[in-house]
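Trainee: Following this message is one structure expressed as structure tokens.
Just so it is clear, none of the values below were taken in a lab; they were calculated from the coordinates. Owing to the predicted nature of the structure, the values given are computational and were not obtained by experimental measurement. Reconstructed Cβ throughout: ideal geometry from the backbone, glycine too, with neighbour counts over all protein chains shown.
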Amino acid sequence: MGYFGNEHQVSFASRVFPKRGRTEAEVMAHLDEFGGKDVDDNHGHAIVYAMTLMNHLDAARISKVANMNFVKKNMLFKELMVGTERMSLEVKRMVIEILNYPDDARVRFTSGGSESLYCAINTARQWAKVERPRIAEPEIVVPYSIHAAMSKWCRYTGIKIKRVPLGPDFRADVKAIEKAVTANTIFIAGSAPCWPYGLYDNIEALSALAESRGIWMHVDACLGGFLAAFVERAGHKLPVWDFRNPGVRSISADLHKYGFACKPLSSITYRNKEFEKYHAFAPSDWPDGPYNTESMLGSTPAGPIASAWAVMQFLGEEGYVDLAKRCLQVKKRYIEGINAIEGMKCWESDLSPLVFEVPRGMDTFAVMGGLFDRQFYCLPCLQPPLIKIIVDPVTDEVVDGFVGALREVVDLVKKGSITIENLKPYM
Amino acid sequence: MKLSLLLLALGIKLKLSSIASAGFRRHLRTNDFVLVIRTEALPGRARSFQIRGGRIKSRRGRDESADTELVWCDADTAVRAMLSSNELDVFSAIGRSQVRILGNLSYALHFMDMAK
């Protein structure tokens, strides 16, 4: 099932699994055929394809080659891979250095933002079992705009989630969150920035609330963490979103987004070892003894970690700062281009993504359909209807191509030549 | 008037389906919520649907404790979209801001799926 919920109905005329193996050339040609049907990298920039689309094509290539070179290695068996383990520890150290985390912060790798958020809630749950043993029915309280993965984990585990309506500025309503916190609350969270609107919640106030109530506070910086670190170095002001707020106990940040590593790779970092100890669980209630893993997964691919190491070493701080500056230029160019189209309006966003409204009365999803037809893939927001683009460090040509397509689509929607039916094949 | 009748009929249809179909009851059981459908112009002229434990109740008026509200710009637009055989018409109305979804979006989507 795809992101939009579609399920392709495919019928198979014959067996797919061959009796006799095919030649390498045949296999590779067929794979090329599959890949050739996908979105073109340069056009698909609006979805998070950051690694393949970054302006810096050398870094993108190095990242891919590094991934490929370590593709067979499984970090489940670290003891057997002294070199790979050393590389992995160096990446963790670089995460701490890049994100200005405290020296004793503890980084764990995960397969992506969702797993990082699962870990955050689970770690808080394990902490609460020890430190708040009277809580039988734990609940978490989060702003309505927090990533949907939190609801997913709560559904899986039976933890109650309270999504609190946002304030009029579409950020967490801290007073309302405070009211929603009860004796059963073990965890609150904020986004830096949130996925729906690209806005930072007031992490400082949420942190103070968590401290005063003695509960776990997590910051979801999955999307923006690695961009925030470098735009701040470039002189761009952002709210204080990290461990500088004393109530924050864990932060998630994806290396496979603005870290430009290959997918899947994210990080969850705990303020210190004391909090990290609730993350780890090594079950031993089976014949083979303790089963130690990095996070939730068992087998853990080393390739993305190698790609992170390679791209971090290749770009260095200066390279990342340049890409971050480029992201800000790209964002400005999008805003100027989109706002110049009659009736279109970009929302203020703190970082990325960038969201915009279509002219009053126009069908947002028809506009998306027209953009999809032109291979510009955007994401929707339904409350309110908005179109979302992820700010990547792409070329001016890509931005101008998008804006030009948008202008054309808006005209055609006005004329009735494009409707929501254009979006149907992708839904 | 047309919208009130339509919502009344929808409530009866959902109630009968929940009695007649075990599959539909199972579908209802996945979520407990209260949803209100109303118009921007006449907030008082609303219908509330309460889904709890696989059962559905509907009543005239706006339940103040609703988890989700579907607020249509006007009754004619609401009737046209809800009676349309093309399910994309409701999404198109969302895309045009002809209907605003207040509160928890997942309940609105669940309800729209049930009402198909």
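Trainee: Have a look at A:168, A:307, A:418 and report the one farthest towards the positive end of the charge dipole of chain A, computed about the Cα centre with Cβ charges (Lys/Arg +1, Asp/Glu -1).
Mentor: With unit charges placed on the Cβ atoms, the residue in question is A:168.
Trainee: Order these peptides, A:207-217, B:74-84, by their mean beta-carbon neighbour count within 10 angstrom, highest first.
Mentor: Ranked by mean Cβ neighbours within 10 Å, highest first: A:207-217, B:74-84.
Trainee: Another question, if that's okay. Using per-residue counts of other Cβ atoms within 10 Å, averaged over each peptide, order A:12-23, A:155-166, A:140-151 from highest down.
Mentor: Ranking, from highest mean packing down: A:140-151, A:155-166, A:12-23.
Trainee: What average number of partner chain Cβ atoms lie no more than 10 Å from the Cβ of the residues making up B:94-105?
Mentor: 6
Trainee: Can you tell me the relative contact order of the range A:64-313? Whole percent, Cα pairs under 8 Å, sequence separation 6 or more.
Mentor: Numbers: 487 pairs, mean separation 74.1, N = 250.
Relative contact order, the range A:64-313: 30 percent.
Trainee: Can you put A:37, A:129 in order of Cβ neighbours within 10 angstrom, beginning with the fewest?
Mentor: A:37, A:129
Trainee: Give the shape of the range A:80-186 as rounded, prolate or oblate, defined through the alpha-carbon gyration tensor: a ≥ b ≥ c are the square roots of its eigenvalues, a/c under 1.5 means rounded, and otherwise the shape is prolate if a/b is larger than b/c and oblate if not.
Mentor: prolate
Trainee: Rounded to the nearest 20 Debye, what is the dipole magnitude of chain A about its Cα centre when Lys and Arg each give +1 and Asp and Glu each give -1 at the C-beta?
Mentor: In debye, rounded to 20, chain A gives about 960.
Trainee: With +1 on each Lys and Arg Cβ and -1 on each Asp and Glu Cβ, how big is the dipole of the range A:64-313 about its Cα centre, in debye rounded to the nearest 20?
Mentor: The calculation lands at about 300 debye.
Trainee: I'd like to know which of B:84, B:6, A:140 lies farthest towards the positive end of the charge dipole of the protein assembly as shown, counting +1 on Cβ of Lys and Arg and -1 on Cβ of Asp and Glu.
Mentor: B:6
Trainee: Can you tell me, using C-alpha contacts under 8 Å and at least 6 residues apart, the relative contact order of chain B as a whole percent?
Mentor: That works out to 25 percent.
Trainee: Would you please give the residues with an amide H less than 5 Å from that of residue A:199, counting only those at least 5 places away or on a separate chain, with H modeled from the backbone geometry?
Mentor: Residues meeting the criterion, in which the H sits 1.01 Å from N, are A:194, A:350.
Trainee: Place +1 on the Cβ of every Lys and Arg and -1 on the Cβ of every Asp and Glu in the protein assembly as shown, take the dipole about the Cα centre, and give the residue among A:344, A:275, A:87 whose Cα lies farthest towards its positive end.
Mentor: Highest projection toward the positive end goes to A:275.
Trainee: About the Cα centre of the range A:302-427, what is the dipole size in debye to 20, counting +1 per Lys and Arg Cβ and -1 per Asp and Glu Cβ, all else neutral?
Mentor: 300
Trainee: Right, here's the next one. Specify whether the C-alpha gyration tensor of the range A:337-427 places it in the rounded, prolate or oblate class, a ≥ b ≥ c being the square roots of the eigenvalues: rounded for a/c under 1.5, otherwise prolate if a/b is larger than b/c and oblate if not.
Mentor: Verdict is rounded for the range A:337-427.
Trainee: What lysines sit close enough to residue A:162 to cross-link, taking a C-alpha to C-alpha distance under 24 Å and skipping anything fewer than 8 places away on the same chain?
Mentor: Hits, sequence-local ones excluded: A:129, A:152, A:175, A:179.
Trainee: When only DSSP loop residues count, what GluC sites (Glu not before Pro) in the range A:303-401 have their Cβ near at most 13 other Cβ atoms within 10 Å?
Mentor: Answer by residue number: A:342, A:348.
Trainee: Take the alpha-carbon centre of the range A:390-427, take the same for the range A:188-243, and report the distance between them in whole Å.
Mentor: 31
Trainee: Still on this structure, please answer the following. How large, in Å, is the range A:64-313 by the Kirkwood hydrodynamic radius built from its alpha-carbon pairs?
Mentor: 18.4
Trainee: In whole Hz, with x marking every Gly and Pro, tabulate ³J(HN,Hα) for the range B:32-41 from phi via Karplus 6.51 cos²θ - 1.76 cosθ + 1.60, θ = phi - 60°.
Mentor: With coefficients 6.51, -1.76 and 1.60, one gets 10, 6, 10, 10, 10, 10, 8, 10, 4, 6 Hz.
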